[in-house]
Amino acid sequence: LHSFPTRRSSDLPDDWVIRNNLGLALWDQGRPAEAAECYRQVLGLNAAANDARMNLGVVLSDLGRFEEALEQLREAVRVEPSSPDTVQNLGMTLGRMGRWEEALEHYDRALELRPDYAEVHRNRAYGRLYLGDFERGWPEHDWRLRCRKHVGCRITRPLWDGQELDGRP
């Protein structure tokens with residue numbers, strides 16, 4: 001194995017794309033506070049970098065700093081209202097805050113923009129189930145099986161398809 005010298009984000013050149021990518025890598029490594037700092041640096045270099053604004057909003061939401069997250073995400077949606085990712089991330093943060101009615105409005109909008117967006121269908125199912133709309137929530141919950149796999153969610157057995165099990169419904 002080779003050892004590479006460690007570089008602090010402050011050692012990077014003023015290239016906002018590199019800093020944004022570093023933020024993504026830090027977030028992926030479970031280092032959200034450091035990722036947030038990278039995104040703030042990006043916005044300091046290029047206030048029009050809307051992806052960095054959206055990423056900052058998501059990281060702040062992950063950190064439980066919801067009001068700050070909403071501020072960033074609302075601005076990102078204002079700048080790019082046709083981005084299903086940005087709209088859904090705003091909905092996700094509202095859902096995390098328990099503001100499901102508002103979250104559902106954003107999920108509906110994201111699905112108008114991208115009807116096959118599995119994560120949005122799954123999140124909308126959570127909102128509907130939370131609000132007691134089981135008739136629409138449970139069928140849509142199946143979209144979770146189309147979402148990208150998370151490390152903590154490994155299903156190694158066949159999924160039940162509703163068929164009888166050994167003569168039992």
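The values are calculated or read from the model by the stated rules, or taken from the named source; none is laboratory data. Note that this is a predicted model, so its numbers are computed, not measured. FYI the Cβ positions are ideal-geometry reconstructions off the backbone, even for glycines, and counts take in every protein chain you see. Remember, those area values only see protein heavy atoms, side chains included, never the ligands or the DNA or RNA. Shrake-Rupley method; radii C 1.70, N 1.55, O 1.52, S 1.80 Å.
Results, tabulated for the structure shown:
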quantity	calculated
Answer residue from region 132-169, given it is surrounded by 11 or more Cβ atoms within 10 Å (Cβ to Cβ) and in a loop (DSSP other than H, G, I, E, B) and is modelled with the highest pLDDT among those	Asp133
Residue check for Ser82: modelled with pLDDT of 95 or more, open to solvent by 40 Å² or more (accessible area, probe 1.4 Å) and small (Gly, Ala, Ser)	yes
Close pairs (9 angstrom Cβ cut-off, 6 or more residues apart or separate chains): open to solvent by 30 Å² or more (accessible area, probe 1.4 Å) in region 113-131, of a type in the set (Val, Ile, Thr) and assigned to a helix (DSSP H, G or I) anywhere	Leu113/Val87; Arg114/Val120
Test: residue in region 37-50 that is among the small types (Gly, Ala, Ser), assigned to a helix (DSSP H, G or I) and modelled with pLDDT of 95 or more	no
Selection status of Val42, open to solvent by 40 Å² or more (accessible area, probe 1.4 Å), under 22 Å from Ser83 (Cα atoms) and β-branched (Val, Ile, Thr)	no
